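The values are calculated or read from the model by the stated rules, or taken from the named source; none is laboratory data. This one's a predicted model, so the numbers in the text were calculated from it and none came from an experiment. Neighbour counts are summed over all protein chains in view; Cβ atoms, including those assigned to glycine, are modelled from backbone coordinates with ideal geometry. Side chains included, ligands, DNA and RNA excluded: accessible areas come from the protein's heavy atoms. Shrake-Rupley method; radii C 1.70, N 1.55, O 1.52, S 1.80 Å.
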Amino acid sequence: QVQLVESGGGLVQPGGSLRLSCAASGIIFRFYTMGWYRQVPGKSRELVATISSNRNTNYTDSVKGRFTISRDNVKKTMYLQMNNLKPEDTAVYYCNVPSTGNWGQGTQVTVSS
């Protein structure tokens, strides 16, 4: 079965950086488009970024130029490098495989002074 495990969240000051990781198992990782989503209480889950099997990337407008999605097919891990973080980036961040509908458990990112 597919398992996705996120890590790397935490508390950071505005302007700071974090790197999230998503370790995948149970799938042939290199074949799949992967994505990062985020959710704040009371709001719908929002797409942050996706990366295809051939490393094409897409970002939501609010994170362009600040976030970078990447993948390591040998380690079966996807990453989200988040720079110049803003308080509005505060959310639970989830890893997703769009074509299978699998989700990780989420990792909390809090941006606050």
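Report those strands (runs of 3 or more DSSP E) wholly inside the range 32-111 carrying at least 3 residues which are more than 17 Å from residue 2 (Cβ to Cβ).
Working: elements: 34-39, 46-51, 57-59, 67-72, 77-82, 91-97, 107-111.
Correct list: 46-51, 57-59, 67-72, 77-82, 91-97, 107-111.
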| said: Among (1) within 24 Å of residue 89 (Cβ to Cβ); (2) open to solvent by 60 Å² or more (accessible area, probe 1.4 Å); (3) of a type outside the set (A, V, I, L, M); (4) out of contact with any strand residue (DSSP E or B) (no Cβ under 7 Å at 6 or more places or on another chain), there is one condition residue 75 misses while meeting the rest; what is its number? | reply: (1)
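Would you check if residue 5 is β-branched (Val, Ile, Thr), closer than 19 Å to residue 91 by Cα, in contact (Cβ under 8 Å) with a residue 24 or more places away in the chain and open to solvent by 70 Å² or more (accessible area, probe 1.4 Å)? Quick ask: steps written out before the conclusion?
Values: β-branched (Val, Ile, Thr): yes; closer than 19 Å to residue 91 by Cα: yes; in contact (Cβ under 8 Å) with a residue 24 or more places away in the chain: yes; open to solvent by 70 Å² or more (accessible area, probe 1.4 Å): yes.
Against the criterion (β-branched (Val, Ile, Thr), closer than 19 Å to residue 91 by Cα, in contact (Cβ under 8 Å) with a residue 24 or more places away in the chain and open to solvent by 70 Å² or more (accessible area, probe 1.4 Å)), residue 5 qualifies.
Condition first: open to solvent by 90 Å² or more (accessible area, probe 1.4 Å) and either more than 14 Å from the chain's Cα centre (by Cα) or among the charged types (D, E, K, R) (or both). Now tell me which residues in the range 54-72 satisfy that.
From the range 54-72, those open to solvent by 90 Å² or more (accessible area, probe 1.4 Å) are 54-56, 58, 61, 64; that's our starting set.
Within the range 54-72, 54, 55, 56, 61, 64 qualify.
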| query | Restricting the search to the range 1-30, which residues are closer than 13 Å to residue 98 by Cα and at pLDDT below 95? | reply | 2, 27, 29
